[in-house]
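Report on the following structure.
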Ligand SMILES: C[S@@+](CC[C@H](N)C(=O)[O-])C[C@H]1O[C@@H](n2cnc3c(N)ncnc32)[C@H](O)[C@@H]1O
């Protein structure tokens, strides 16, 4: 585990160049925030051996599950932050992440707790800083109010454009997007998931109307 673990406190703000975390050259670095038990991250790392993956998850049981997958499949393209994603975002270099995933984040349903949701102006700005222009940020939720919240925040953020063109684009999980435990839980409970993909726009790109 020490070889795989990235400790944000080891890096000053903006100094972590994530490509340097991997022993062999990678064509890009993809970040998953709150990977849970790690099934999406492990499947992606298997499918894309030439990409470096950073997974961020403070829940130690989930980290242990991912480590089993990493070990059993000999994945050498995975690195793990066992901490709050905010700390990682602070230390990452600008324009250093090529794709990001935020799948079924905690919905914090009570109105007085809404501010704890990962999606909010500060984290959106932090993600905009670390994502390269053209990078895709995929997110999913089975919580109707959080879906509205995500869309409200992301479609009004100047740095991101929503990639959906037709209902199937957000209702149907793309084939190259592995399912997760929380997606299954939502479906079993009668809460259909939504799959939202956004693009990091270039500074002078004109944003489509939401
Ligand atoms: C509802 S679970 C979803 C897990 C997984 N993505 C899935 O779809 O099965 C949300 C996960 O986000 C993690 N999490 C919550 N806040 C976080 C943060 N600030 N940084 C990183 N992970 C976080 C939690 O520990 C939890 O495992």
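Every read-out reported here was derived from the displayed coordinates using simple, explicitly stated rules and does not represent laboratory data. Just so we're clear, the structure is a prediction, and the values are computed from it rather than from any experiment. Note: ideal-geometry Cβ built from the backbone for every residue, glycine included; neighbour counts use all protein chains shown.
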- Simple spin-label model, 7 Å along Cα-to-Cβ: residue 125 to residue 3 in nm? 4.0 nm
- Message: Suppose only helical runs count, i.e. DSSP H with n ≥ 4. What mean residue ellipticity at 222 nm does that imply for the chain under -39500 (n - 2.57) per run, divided by all residues and rounded to the nearest 500 deg cm²/dmol?
- Response: -8500 deg cm²/dmol
- Message: Nearest 5 percent is fine: what portion of the DSSP beta bridges confined to the range 8-200 is antiparallel?
- Response: 30 percent
- Mean-square fluctuation maximum in Gaussian network of the chain, Cα pairs under 10 Å, restricted to 173, 117, 165, hits 165
- Query: Given 0.36 nm per residue, what is the gain on full extension from residue 164 to residue 17 after removing their alpha carbon distance, in nm?
  - Reply: 49.8 nm
- Task: Just check the range 28-183 against the gyration tensor rule for me: Cα atoms, a ≥ b ≥ c as the square roots of the eigenvalues, rounded for a/c under 1.5, and otherwise prolate or oblate depending on whether a/b exceeds b/c.
- Result: rounded
- Note on the structure: If one builds a Gaussian network model of the chain from Cα atoms under 10 Å apart, the most fluctuating residue listed among 144, 65, 112 is 112
- Query: Got the relative contact order for the range 8-200 handy, in percent, Cα pairs under 8 Å and 6 or more residues apart?
  - Reply: 22 percent
- Note on the structure: Pseudo-spin-label distance residue 50 to residue 87, built 7 Å along Cα→Cβ, given in nm, is 3.4 nm
- Task: Report the far tail of the P(r) of the range 108-210, meaning the percent of Cα-Cα pairs longer than 18 Å.
- Result: 50 percent
- Note on the structure: The relative contact order of the range 105-210, taking Cα pairs under 8 Å that sit 6 or more residues apart, comes to a percentage of 37 percent
- Considering only 161, 190, 86, give the residue with the highest GNM mean-square fluctuation for the chain, with springs between Cα atoms whenever their separation is below 10 Å. 190
- Ordering of 5-11, 135-141 by burial proxy (mean other Cβ atoms within 10 Å per residue, highest first): 135-141, 5-11
